[in-house]
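Quick notes on the structure that follows.
What follows draws every value from the coordinates through simple rules; no lab data is involved. These numbers come from a predicted model, not from an experiment. For neighbour counting, all protein chains shown are included, and Cβ atoms are generated from backbone atoms with ideal geometry for every residue, glycine included.
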Amino acid sequence: MKLRPALAALAAVALIWIGPASQAHAAASDTGTYPNQGNYCIGGSYVNPIASRSIVDDYGRIVGRVDVRYSYKCQTNWLTITGNPTAGPVATSLWSDAGGSVGEYDNGTTQSTYTKQVYAPGATCIHFQVHMYTPAGQSYGETYDPGANFQTVC
C-alpha cells in the first residue's frame, strides 16, 4: 500500500499551500482609528447597536440618539450619532477600561455620523459623553444620566 504515503505527502503540500486558518485581528493599536479604515473593523461589527442612549436638550426633549457599536473582528467600540436637528457641532469623548480613549469635535451634520474607536475586548466597560451645540456654539443637547457626567456600557 504505497498509496498512503503519497496521500500523506499530498495532504502536507495542501496544508502548506492553503496556509493556516486566518486569525481575527484584535489590537489596542486600533484605538483612535475609524472603524471603516485600516483593518476595516466595521466589517466585523455587530450590526445592531449593543446599546443606545438618548441625546436630550435642556427641556428634556429627545433630539438625537447615540448607538454603541462593537466589532467582533477588532474588539473595539465606537459611537454612531443620529439626529442633529440644528446641524451644529458635536463633541464626543469615548474611553475604555482597557486604557484607550478618543475625543472628537465634529463640525456637524443632520446626517448620521460616527466616532473613532477604542479597544475594549469582550465585556470591557466603555464610557462616553456626547454634547451637541447649535451652529452659533450654544449648548443644545447631551447624553444625560442623572448623577453622572458620562454614560457607561459594559
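Numbers for the structure displayed
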read-out	value
Three-way shape call for segment 101-154 based on the alpha-carbon gyration tensor, with the a/c threshold at 1.5	oblate
Amide hydrogen neighbours beyond the local backbone of ASP145, cut-off 5 Å, H modeled	none
Net charge of neighbours whose Cβ lies under 15 Å from the Cβ of VAL102, counting Lys and Arg as +1 and Asp and Glu as -1	-2
Proxy reagent accessibility, fewest Cβ within 10 Å first, across LEU94, LEU79	LEU94, LEU79
Estimated vicinal HN-Hα couplings, Hz - segment 120-135 in sequence order (Karplus 6.51, -1.76, 1.60; Gly, Pro = x)	8, x, x, 9, 4, 6, 10, 9, 8, 9, 10, 10, 9, 10, 6, x
Coarse-grained scattering of segment 39-119 at q = 0.10, 0.21 Å⁻¹, given as base-10 log I(q)/I(0) from a Debye sum over alpha-carbon atoms	-0.25, -1.00
